[in-house]
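Inspection log for the structure reproduced underneath, given as structure tokens.
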Amino acid sequence: AEFHHEPSLALYAGPDGLDVVHRVIEQAANYLTEHGILILEVGQAAEALERAYPHHMFLWTEFEWGGEGVCVLDYQDCYALAHGYT
């Protein structure tokens, strides 16, 4: 099964499955330049991410051959999400 290939950290990711994602978002602005972007893959947890940050309009990518759950956040997005501004 696919979960045999996932890092153990991904298998114990809190109630919404996004503990690591929340930490990445909270810290991203510390590493991005002013014009930097973060490409974040959350897969089927996209709806959970939107519920976690209900006031933020996520930019979800569309793939020609299918796939889901990849969004793009810029520095301002990451800063605002980390500080509760959205």
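What follows is calculated from the coordinates using simple rules that are stated; it is not laboratory data. Quick caveat: nothing in here was measured; it's all calculated off a predicted structure. Note that each Cβ is placed from the backbone with ideal geometry, even for glycine, and that neighbours are counted across all protein chains shown.
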Worksheet item: Say R0 is 25 Å: what FRET efficiency, to the nearest 0.05, do H35 and F63 get from their beta-carbon distance?
Response: 0.55
Worksheet item: Which order, highest average first, do 26-32, 76-82 follow once you tally other Cβ atoms within 10 Å for each residue and take the mean per peptide?
Response: 76-82, 26-32
Item to complete: Determine how many Å³ per residue the convex hull of the Cα atoms of the stretch 2-82 encloses.
Response: 108
Worksheet item: Along the stretch 67-76, what does the Karplus equation 6.51 cos²θ - 1.76 cosθ + 1.60 (θ = phi - 60°) give for ³J(HN,Hα), rounded to whole Hz, x for Gly and Pro?
Response: x, 7, x, 10, 10, 10, 10, 9, 3, 4
